[in-house]
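Before any comments, here is the structure.
The values are calculated or read from the model by the stated rules, or taken from the named source; none is laboratory data. Owing to the predicted nature of the structure, the values given are computational and were not obtained by experimental measurement. In this analysis, Cβ positions are derived from the backbone assuming ideal geometry, glycine residues included, and neighbour counts consider all displayed protein chains. Heads up: the accessible areas ignore ligands, DNA and RNA and are worked out on the full protein's heavy atoms, side chains in. Shrake-Rupley method; radii C 1.70, N 1.55, O 1.52, S 1.80 Å.
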Amino acid sequence: DKDVTGLPPHKMARLGLARTFQTTQLFPAAPVLDNVIVGRRLHTRSNVFDAVVRSRRHRREEDESRDRALQELAFVGARDLADVLVANISQEARKRVAIALALATEPRVLLLDEPAAGINPHETEGLTELIRSVAVERGVTVCLVEHKMRMVMDLSDHVAVLNHGRKIAEGPPDAIRNNPAVIDAYLGAEHDA
């Protein structure tokens, strides 16, 4: 019940809130594994001194971060990409890596901004299954903004529909699917013909 408006991302992450972006925000010149390890930094205590002297704590945290990042990559189906530079992977793989990075922070709530943007229908189906696994297997609450209605209806328990920034409908997927205001706004009047 905290207001997170205006908080820097690391403070939001400490509160259990993670997000991905429509356009993935990864480090393209770094390997996939290093990108996911960044999400683990939230849970480490090593400092510059520890890194310089390669303290026991630093080595332990480094190993734990690597192991956890590899687990997250396996969970999202991208384990085989661990050593590949982000610049050399597909858009769909980048989406999966961004989700792995978010999961590495151990969120309670995951916000996804158009997770299926720029990927084909087959890839969208796979991503839908992954997002369902995040919610079911990890117990993470997922909130997504998405224009691919099949994905929204397949994943959601509750849907809110906006049209030009104004909420026009809210409720379970079946009610939304048959809502006249939603049909008119998104399918047009010729849908009835």
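For this structure, a couple of remarks:
- For L144, the residues 5 or more places off, or on other chains, whose built amide H falls under 5 Å of its own are L112.
- Separation in nanometres of the label points that stand 7 Å from Cα toward Cβ, at A51 and D83: 2.4 nm
- Global dimensions of the range 83-193 from alpha-carbon coordinates: Rg and Dmax equal 15.8, 53 Å.
- Given their separation in residues at 0.36 nm each and the Cα-Cα distance between them, A175 and V136 gain 11.7 nm when the chain is fully extended.
- Rolling a 1.4 Å probe over the protein heavy atoms of the range 12-103, with every protein chain left in place, gives an accessible area that is 51 percent carbon and sulfur.
- Heavy-atom surface of the chain, accessible at 1.4 Å and reported per residue (Å²): 61 Å²
- Beta bridge orientation in the chain: antiparallel %, DSSP, nearest 5: 40 percent
- Potential extension, L7-Q71 segment - 0.36 nm per residue separation minus Cα distance: 20.2 nm
- Largest-first ordering by accessible area, 1.4 Å probe, given options V48, V53, V97, V4: V48, V53, V4, V97
- Each residue, H43 and R150, gets one label point 7 Å from its Cα in the Cβ direction; the gap between the two is 3.5 nm.
- Cα gyration tensor shape of the range 104-164, rounded if a/c is under 1.5, else prolate or oblate by comparing a/b with b/c: oblate
- Gain on full stretching of the segment that runs from R14 to Y186 - 0.36 nm per residue minus C-alpha separation: 58.2 nm
- Note that the chain shows a convex hull volume over its alpha carbon atoms of 144 Å³ per residue.
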